[in-house]
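Participant: Take a look at the following structure, please.
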Amino acid sequence: MDPDAPRRLIARVLSAAPRRAVSDAMTERIAADLPDLRADEAIFGSLAASVEANVENVTHAVVLDVPVARIEVPLAALEYPRRVAQRGMAATSLVRAYYLGQQTMIGLIGEALDADTEAGQELREAAMRWLVGWSFDYNDVVTRRVLDEYEAERAAWVDARSGARTVRVFEVLEGEVPSVAAASASIRYPLRATHIGMVLWYAEGVDEVERIERFLRELAAATGATAPPLSVAIDRLTVWAWLPVDDGDAALAAARAFVVADQEAPRAVIGPPADGLEGFRATNRSAREVRRVADATEARLLVATDPGVGLAALVAQDVGAARAWADGVLGELTGESAADARLRSTLEVFLRTGGSFKATAEKQLMHANSVKYRVRRAVLRRGRAIGDDRLDVEVALAVRRIFGPHAPGNPARKAPTQVTKLTVQPAP
C-alpha cells in the first residue's frame, strides 16, 4: 500500500464535506456537553467561529499535507480563549471543546468511510488509524497554543479588573454598604442620585471599551447628566454604565433619541430610572436581564420600560418555549402576512388600553370604526373569542411582537434538523 494513500483518502472526504454543516454539528456537540457556553451569546458566537476556522484549517492542512508542527492556529481560534478568559471561565472547557470536536469529526469521517464502495477495507482501516493519530497531534499543538493565549489574557484581564474603583463598584452591587457617602467617594459617583443603568456593547471587534467610553461621555452630555458617568468593563466588548440625572424620564427619552440617531453607537440596553443605592443596583439588574432579549432578537436598542420588554426578559431564558406557547394562544393570527401583523398590532393596543376603541384609534391614528373592524377580524383569525384568556392573549401578542418569527436571532443556536453525513467522492 502506498504510505500516503490513507492521508489522500481522508483528504478526499474532507474536500467533499459541507464544511459549514460539519462545523455546526461540532459546535452543537460541544454546546450539548458544555451548556454554559450557550448561555452567553458572545461566548457561543466565538465558539462557533473558532470551530468553523479549525475545520477549514484541518481541511487545508490534510489536503496540502502540511506537517502538524508547521500549522498556524487560526485567529478565530485564538479569540475564543480570550473571551473565555475575560468571562472568568475555566480553561478546562477549552481543552474539552477541542476533544469533543475531534470526536465528532472522527465519527463523521468514519461513517463516510464505512459507506465508501471504492476503497478497500484495509485502506479504510489505515485511513482511520492515520486520522486518529494526526488529529491527536493537531489537538496537542493547537490546545497548547490556545491555553497559552488563555493564560496571557486571563493575567492581563485580572490586572485590568483589579483596579480599586472597579472592585468597589462590584462591592456596591453585591455587598453591604455601611456608608453610602463613603461608597460614593470611593467609586467617585453620586449613589444618592437618580440613576439610569445601561449595558453597552459591540458584537465584534478587538478592544472596544475605550470606544464605548467615548460614546458614553457624549451620551452623558446629551442627557444632561449631573456628574460624569460611571462605567465598568465586563469584557473587551461590553461595558456596564450608569448616568446620574435629575429628571429620569426626560433623560431616558434623550438617551433613546441619542442612541437611535448615532448609527455607530454600540448596541444598548437601558434600564429604568431609579433612585439611591437600591436604584443603582436595580437599574443595572434590569438592564442585564433585558440584555438577554437583545441577544435573542438582535435588537440594536431596548429600553426596559417599553411595553412588553420586562415580560420578554422573563421569557428570554427559553424563547422557543415562549414562542410555541404564544403561537398556540393566537392560532391563525400568527400568520406572516402584513395584514396579520396589522391585526396583531391593533389588537395588542386595544387590550392594553382596556378595550377602548377610542384610545386605540388615537394611538394608531385610525378611525374608531376601523379599529372595530380590525379587532373583530383579529378575533376571527384567532379562531375563538377573547374571554377568560384575555391576559394570555395580551402576553402572547407581546411575545410575538418582540421576538418575531425567527427568534432567537442566532441561527447557530438551533440544533441541526438532520444528522450531518459525509460522503467519499471517487478519486479523479
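Participant: Rounded, prolate or oblate: which one fits the chain, using the alpha carbon gyration tensor with axes a ≥ b ≥ c (rounded when a/c is under 1.5, else prolate when a/b beats b/c, else oblate)?
Facilitator: Numbers: a/c = 3.12, a/b = 1.43, b/c = 2.19.
Oblate is the answer for the chain, as a/c is 1.5 or above yet b/c matches or exceeds a/b.
Participant: Any chance you could give the angle, 0 to 90 degrees and rounded to 10, that helix 368-382 forms with the longest Cα principal axis of the chain?
Facilitator: 40
Participant: Tell me the angle of helix 75-86 to the major Cα principal axis of the chain, expressed in degrees between 0 and 90 and rounded to the nearest ten.
Facilitator: 50
Participant: Would you work out if the range 183-304 is rounded, prolate or oblate? Take a ≥ b ≥ c from the square roots of the eigenvalues of the alpha-carbon gyration tensor; rounded if a/c is under 1.5, else prolate when a/b is larger than b/c, oblate otherwise.
Facilitator: Numbers: a/c = 1.44, a/b = 1.37, b/c = 1.06.
Rounded, because the longest to shortest axis ratio a/c is under 1.5.
Participant: Please state the shape class of the range 244-316: rounded when a/c is under 1.5, otherwise prolate if a/b exceeds b/c and oblate if not, all from the C-alpha gyration tensor.
Facilitator: The shape class here is oblate.
Participant: Determine the sum of side-chain charges near Ala396: Lys and Arg each +1, Asp and Glu each -1, restricted to other residues whose C-beta is under 12 angstrom from that of Ala396.
Facilitator: Numbers: positive: Arg323, Arg344, Arg382, Arg390, Arg400, Arg401; negative: Asp327, Glu348, Asp389, Asp392, Glu394.
Result for the neighbourhood of Ala396: +1.
Participant: Another question, if that's okay. What is the sum of charges, Lys and Arg at +1 and Asp and Glu at -1, for the other residues whose Cβ falls under 12 Å from the Cβ of Ser186?
Facilitator: So the surrounding residues net to +2.
Participant: Measure nothing but the geometry: give the 0 to 90° angle between the long axis through the Cα atoms of 41-63 and the longest principal axis through the Cα atoms of the chain, rounded to 10°.
Facilitator: So the inclination is approximately 20 degrees.
Coordinate-derived values only; no laboratory data. For clarity, every value in this text was computed on a predicted model and none was experimentally measured. Because the Cβ atoms are built from the backbone with ideal geometry, glycine has one as well, and the counts that use them run over all protein chains shown.
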